[in-house]
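The values are calculated or read from the model by the stated rules, or taken from the named source; none is laboratory data. Every value quoted in this text rests on a predicted model; they were computed, and no experiment measured them. Because the Cβ atoms are built from the backbone with ideal geometry, glycine has one as well, and the counts that use them run over all protein chains shown. What goes into the accessible areas is simple: the full protein's heavy atoms, side chains included, and nothing from ligands, DNA or RNA. Shrake-Rupley method; radii C 1.70, N 1.55, O 1.52, S 1.80 Å.
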Amino acid sequence: MTLRPTLEPPRVGARLAGTGSATPSRVLTNADFEKMMDTSDEWIVQRTGIHTRRIIDKSADENALTLATQALTAALADARMTGSDLDLLILATISMEMHCPPTACQLIAAVGGQNCGAYDLSAACCSFVFAMNTAWGLIRSGMYRNVAVVGADTISTFMDYDSRGRSTAILFGDAAGAVIMRATDDTSKGLIAQTMHSDGNRWVDLYIPEKMSHFPEGVEPNPEALHRVQMNGKGVFKFAVSTFPDVIAQTLDAADLKPDEVDHYICHQSNARILEAARERFGLPKEKLYVNIDRYGNTVSASVPLCFDELRRAGRVHEGQRVMFVAFGGGLTWGTSLWQL
Ligand code: ACO
């Protein structure tokens, strides 16, 4: 067998040059849920750690594109750039406005970008982390220099805010977050290690059916469940509690680092108990594993960049630090992106 020689990529690093985020103005508290369905603040806080989440107001024309535009505009300003400086935009989302065009194309137009590649990347809650890994590969190849990676989701549009949705609606919120990556000659900066995994045999644990034929074997097709998140909560919980620490350990091994040699673990916010289990497994101090699920719930593709933007704006992220981004979600999918800032 003849193998093509691997091309040596140009020597280039990448900086995370700017961040931004946006959340909708409508706040849903646990007390609001108590009025909408048979649940309680105590049940929600004990099982999930969530107190409030924000969801879009459709009557005010809020959607994934408007949130993404706000987040990207803020990230560009933070990086002291304009949309026309970008040569690639990847929008991580499961909330595309339409099947065609890619929402990323409307997003780049909204920030004044021209001659810029733009496409959506969809991998459920891993979309943003997988998009970061993809963007790094394209920068490292020498083909792109200024890349925006945006995570935006409006999962509230796939929920029932009544008793039918009580096991899912309480968990989720809407948001967007953005990171600007810039190529640099400083090759010490950039991605150190990454992982991307999937197990398609477990898709039935978390899915959004669009047709009656999408319901898996053994599940009675139900027209009322179309376009609504279907989740095996216990199954996903068990999977996440073991997979989160495993994938972190795998990434640390690949980078030959000890847990305390990473400054921040920025993890998908799906359940405070899942995050706490990961923190305890590595003996990390609380300040190393950022948590904001109490305020926003699970915001799907936005959860990781929303955390990163909050940490950065709080002045807690600096050049020279190492940051590991971690996610898991429908697919099932799971992965990491470890960066030297
Ligand atoms: N209020 C009160 N009771 C409720 C509610 C609610 N909102 N929702 C469910 N219950 C009831 C159930 O009906 C059940 O009642 P029963 O025992 O009479 O049947 C009981 O509470 C226990 O339900 P469980 O599902 O067993 O509760 P569990 O302890 O597993 O917690 C939860 C549920 C919070 C969903 C948990 O399983 C979880 O967090 N799983 C992971 C979910 C997740 O991370 N999803 C996202 C992953 S990827 C992505 O982000 C897209």
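Once you list every other residue whose beta carbon is under 15 Å from the beta carbon of Glu97, what net charge do they have if Lys and Arg are +1 and Asp and Glu are -1? Mind showing how you got there, number by number?
Details: positive: Lys58; negative: Asp61, Glu62, Asp120, Asp153, Asp174.
Here the charged neighbours net out to -4.
How much accessible surface does Asp41 have with a 1.4 Å probe, in Å² rounded to 10?
Near enough 70 Å² of accessible area.
Taking Rh as the Kirkwood radius, which is the inverse of the mean 1/r over Cα pairs, what is the Rg/Rh value for region 13-184? Working shown, then result.
Working: Rg = 17.5 Å, Rh = 16.8 Å.
Radius of gyration relative to Kirkwood radius: 1.04.
Once the other residues with Cβ under 13 Å from the Cβ of Gln106 are scored (Lys, Arg +1; Asp, Glu -1), what is the net sum? Can you show the working numbers first?
Details: positive: none; negative: Glu97, Asp120.
Every neighbour counted, the sum reads -2.
So for the chain, averaging the separation of alpha carbon pairs under 8 Å that are six or more residues apart and normalising by length, what relative contact order in percent results?
In percent, rounded to a whole number, it is 25.
For the chain, with equal point scatterers placed on the C-alpha atoms only and solvent neglected, what are the log10 I(q)/I(0) values from the Debye formula at q = 0.13 1/Å, to two decimals?
-0.97
³J(HN,Hα) across region 281-297 via Karplus (A = 6.51, B = -1.76, C = 1.60, θ = phi - 60°), whole Hz, x for Gly/Pro?
Result, rounded to whole Hz: 4, 9, x, 7, x, 4, 5, 8, 10, 6, 10, 9, 4, 4, 9, 10, x.
At a probe size of 1.4 Å, how large is the accessible area of Phe130, to the nearest 10 Å²?
That residue has around 30 Å² of solvent-accessible surface.
Enter the angle in degrees (range 0 to 90, nearest 10) between the Cα long axis of helix 303-313 and the first principal axis of the Cα atoms of the chain, meaning the one along which they spread out most.
Approximately 60 degrees, to the nearest ten.
Counting just the Cα atoms, what span does region 237-341 cover along each of its three principal axes? Round to the nearest Å and put the largest first.
Here the Cα extents, ordered largest to smallest, are 34, 30, 23 Å.
Whole-Hz Karplus ³J(HN,Hα) for region 59-73, in order, using 6.51 cos²θ - 1.76 cosθ + 1.60 and θ = phi - 60°, x for Gly and Pro?
Each residue of region 59-73 in turn: 5, 9, 6, 7, 7, 4, 5, 5, 5, 4, 5, 4, 5, 5, 4 Hz.
Considering only the other residues whose Cβ falls under 10 Å of the Cβ of Met36, what net charge follows from Lys and Arg at +1 and Asp and Glu at -1?
Residues close to Met36 contribute a combined charge of -3.
Give me the accessible area per residue for the chain, probe 1.4 Å, as a whole number in Å².
On the way: 15140 Å² over 341 residues.
Here the residues of the chain average 44 Å² of exposed surface.
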